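Working notes, beginning with the structure itself.
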Amino acid sequence: MSSLQDTIKGITKRLRVHHYIVIAIVLGIGIFNAATALSPVISQKELESNIEKSFEKWWAEEGAAQFRTVGLTDDEKTKLQEFVQYRDRILSAGKTFDIEDRKAAMRKEFREWWEIGGGKEKFADEHGFYPKEAHFEIECHKFIKNYTDKFVRYSLAYVPKDGEYERLFTSWLLFPSAWNYIIFAVFFLFAYFLLAERWGAAITLGFFFAFIFAGGFVTDILTSTSFFDHYTMDRYMGASIALAFMLGASAFDERKDAIPGWVLGTAIMGAILDAAVNALVNGGIFAAVVTASIPAFGLGALAGFKIPRRRKSEAEKKADALEERFRRTANRNLAAERRQKTRNQMDEGFQEAKKGHYDAARQLLCQAMTAILQEQPADKETVTKFAERMTNPNLFIDVASTQWLEWGDTAKAKGLTETALLLLEKGLKSEKNATLARRALFNIGELRVNFGIEPEEGVKRLQKVIELNDSDLIAKQAKRLLEKAGA
């Protein structure tokens, strides 16, 4: 999981202008598909609503009265029957926005014209022979195509039977379903970010567009075979084959173990999901697309193995080095390093004291004592030994009495009783401030009485506290401790 997070962070830090442009284009394609797919549906719903409103108005003003005039009932059943006929008349006049329904109606209209309206005779006059059923299909297809080419989702799509190869360059902008687009958006950006990092944006996009055209051409060849020939009238769209190539390339690399396991798994999952949607949801010509996607993934894997990584710029090398430094810092045990640094300071401070460098020794040892008292959890054994060495009268360093008392208070608060007594006693010996000295006396007496460490000495300290002032809060606390000690 940490590998995945590190990779994602690394990718986001490397986003460049071309990444944002590609993201914007992918989002724009999604909006384009939504608009072109939903526009006829919305228009059809508006038409249906207008038909219903128009019929209701006619029925209320004229229709019901006409039925009553001729002695027929104007009940709901009659009204519904009239509405169905009314709606069919409008839609059959070519007003529907449902393209597939309109194609079916146009085929029926063309058949009537072909058989009854003189279509066959006109064809015979123009071509010099009487047409067969195959000629009807050709002419009917041209008639319907003139209508469907007015709509983007038909004019940009590639139909193998029509052989308009220039549409292979536009068919990838359309997607047969929302699922196809979602899979494309997620896994294309995933593969693009990885491959643009390895190969560069130009090579990555070059391969993508090459496989858009090549994939459509392979699909066209497949539909010319007996296995897929019944799909030659279907519309080919989307970028599944090019996506399969990119996922295959992103899953493999020329360097051994250069691809994390999650990248390989994600690439394979994306290819399987896209193939499943094409085979199970879309069907038709997309069965041929699935067939073509399999070798495309394999070619992508081969490209991943064979195409060398691009040379990184100096700026990228510096960014990599900085990122690696941050990564190492994040993986370090900073607490352990700080603890070791404190102990090194202790050793160095005592070494400086032996050399007679007392100022340097004092600075190092004071820093070490302050640091070691802040450690969590406390290293009781080390702290005690350090305090004993610090309070040794043979260590000739000049530490302020207030500093000793401060360390003693800290040790007391952390439950380091013996260390606190050593430090407080040391500070008390040289403290001139009566208030601070009295406070130190109380702390020493409290620790000795409560923890049974030479309690008679603790009683003396508490008695001295009361002797100096027997009316304040500290004195009251001292009296309670003396009662506890039986003094």
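Below, the figures for the structure above:
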{"quantity": "Cα-based convex hull, the stretch 348-460, per residue volume (Å³, whole number)", "calculated": "98"}
{"quantity": "Mean projected area in nm² (Cα convex hull; one quarter of hull surface) for the stretch 371-436", "calculated": "4.4"}
{"quantity": "For the stretch 121-264, radius of gyration divided by Kirkwood radius, i.e. Rg to Rh on alpha-carbons", "calculated": "1.14"}
{"quantity": "Compactness of the stretch 194-238 as Cα Rg over 2.2 N^0.38 Å, two decimals", "calculated": "1.57"}
{"quantity": "Where the stretch 354-487 is the region considered: accessible area per residue in Å², 1.4 Å probe", "calculated": "56"}
{"quantity": "Accessible-area composition of the chain, carbon plus sulfur, in percent [1.4 Å probe]", "calculated": "58"}
{"quantity": "Ranked order, Lys414, Lys460, Lys108 - accessible area, probe 1.4 Å, largest first", "calculated": "Lys108, Lys460, Lys414"}
{"quantity": "Loop GluC sites (Glu not before Pro), the stretch 355-408 (other Cβ atoms within 10 Å of the site Cβ: 15 or fewer; DSSP)", "calculated": "Glu375"}
{"quantity": "Under 5 Å, built H, 5+ apart or other chain: amide partners of Tyr158", "calculated": "Tyr236"}
{"quantity": "Most to least packed among 117-128, 202-213 [average Cβ atoms within 10 Å]", "calculated": "202-213, 117-128"}
{"quantity": "FRET efficiency, Lys145 to Lys256 (Cβ-Cβ, R0 51 Å, nearest 0.05)", "calculated": "0.45"}
{"quantity": "Relative packing of peptides 51-59, 415-423, 231-239, 245-253 - highest average C-beta neighbours within 10 Å first", "calculated": "245-253, 231-239, 415-423, 51-59"}
{"quantity": "Binned Cα-Cα distance frequencies in the stretch 86-153 - 10 Å width, integer %", "calculated": "19, 46, 27, 9, 0"}
{"quantity": "Set of lysines with alpha-carbon distance to Lys354 below 27 Å, sequence-local pairs under 8 removed", "calculated": "Lys341, Lys380, Lys385, Lys426, Lys429"}
{"quantity": "Where the stretch 158-292 is the region considered: accessible area per residue in Å², 1.4 Å probe", "calculated": "41"}
{"quantity": "Estimated D of the chain in µm² per second, where Rh is the Kirkwood radius over Cα pairs and Stokes-Einstein applies at 37 °C, 0.692 mPa s", "calculated": "103"}
{"quantity": "Largest-first principal axis extents of the Cα set of the stretch 343-400 (Å)", "calculated": "33, 20, 18"}
{"quantity": "Among 217-224, 99-106, the order from most to least packed when residues are scored by Cβ within 10 Å on average", "calculated": "217-224, 99-106"}
{"quantity": "Accessible-area value, Ile272, 1.4 Å probe, nucleic acids and ligands omitted, Å²", "calculated": "110"}
{"quantity": "Full-extension gain in nm, Leu280 to Thr69, via 0.36 nm per residue minus C-alpha separation", "calculated": "70.3 nm"}
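The values are calculated or read from the model by the stated rules, or taken from the named source; none is laboratory data. This one's a predicted model, so the numbers in the text were calculated from it and none came from an experiment. Quick reminder, even Gly has a Cβ in these numbers, built from the backbone with ideal geometry, and neighbours come from all protein chains shown. Calculation scope for accessible area: heavy atoms of the full protein, side chains included, ligands and nucleic acids excluded. Shrake-Rupley method; radii C 1.70, N 1.55, O 1.52, S 1.80 Å.
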